[in-house]
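Worksheet for the structure shown next.
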Amino acid sequence: DASPSDAKRSAHELDFDSLAFREGSHTMTNKKCELPDQSWRAMKPGYEEVHVPAVRSVAPPDEKLVPIADLPEWTHDAFKGMTMLNRVQSKMADVALRSSENVLLCAPTGAGKTNVAMLSILNILAQYRKERADEMMNEDESGKLSKHEGTLDLSAFKIVYVAPMKALVQEVVKNFSKRLGPYGIQVRELSG
């Protein structure tokens, strides 16, 4: 019979031989692995690095990028300095700007998700533009007031933009404040 001290000791001991893979540590489920051209491997102590070049996306010949000039004129102030939406933004422009459908956009960093969010924000602004807003924009060319002054019912809506990190929130607040300022919209940060 085992003594209580033997039971304590065996509860903390592992038999590593029984845990080892039968084929060793170099087990792969695929017998053959072909890498794309211009890939390369580097053997390092204890591991292998495999470098695969990024895939270059080729735009289909019939794909059309949306020029900012094709968006409603009143939206142009939100895209100052831009002449064209990129591929992701162009594909999302109609849904984001002209419909009230829910959107889930998953794209890599730098793909233009913030501009798609801006299109969605402009969609909300369009719903709260006052009648004769286009005429009101043209009447005031004095430059003293924003050309969008009085064209939106600013007390009728709020927009919430959620970001995962405080640094990103601060960046978006700065970006949106500059771009939505001409519309009289105040952007604020709430975190915690």
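For the stretch 116-155, name all the residues that are in a loop (DSSP other than H, G, I, E, B), open to solvent by 60 Å² or more (accessible area, probe 1.4 Å) and modelled with pLDDT under 85. Passing the criteria: Lys130, Glu131, Arg132, Glu141, Ser142, Gly143, Lys144, Leu145, Lys147, Glu149.
Filtering the stretch 19-53 to residues that are at pLDDT below 85, open to solvent by 80 Å² or more (accessible area, probe 1.4 Å) and not acidic (Asp, Glu) leaves Leu19, Phe21, Arg22, Ser25, His26, Met28, Thr29, Asn30, Lys31, Lys32. So, in the stretch 36-78, of the ones that are small (Gly, Ala, Ser) and assigned to a helix (DSSP H, G or I), which residue ends up nearest to Asn175 (Cα to Cα)? Out of the qualifying residues, it is Ala78. The residues in the stretch 156-180 that are in a helix (DSSP H, G or I) and either touching a residue at least 24 places away in the same chain (Cβ under 8 Å) or farther than 19 Å from Tyr128 by Cα (or both) can be counted, and the count is 15.
Taking first residues from the stretch 89-116 that are at positive phi and partners that are assigned to a loop (DSSP other than H, G, I, E, B) and open to solvent by 30 Å² or more (accessible area, probe 1.4 Å), the Cβ contacts under 8 Å between residues at least 6 apart in sequence or on separate chains come to Gly112/Asn86.
Each residue in the stretch 55-69 was checked for being out of contact with any helix residue (DSSP H, G or I) (no Cβ under 9 Å at 6 or more places or on another chain), within 30 Å of Ser39 (Cβ to Cβ) and either of a type in the set (D, E, K, R) or open to solvent by less than 80 Å² (accessible area, probe 1.4 Å) (or both), and 2 pass. Selection of the stretch 71-99 for residues being farther than 25 Å from Gly181 by Cβ and of a type in the set (S, T, N, Q) yields Ser90, Ser99.
Looking only at the stretch 98-115, residues that are open to solvent by 90 Å² or more (accessible area, probe 1.4 Å) and either at pLDDT below 70 or under 22 Å from Ala69 (Cβ atoms) (or both) come to 1 in all.
The values are calculated or read from the model by the stated rules, or taken from the named source; none is laboratory data. The structure displayed is predicted, hence computed values, not measured ones. With ideal geometry, Cβ positions are generated from the backbone for all residues, glycine too; neighbour counts draw on all protein chains shown. These area figures cover heavy atoms from the full protein model, side chains too; ligands, DNA and RNA do not enter into them. Shrake-Rupley method; radii C 1.70, N 1.55, O 1.52, S 1.80 Å.
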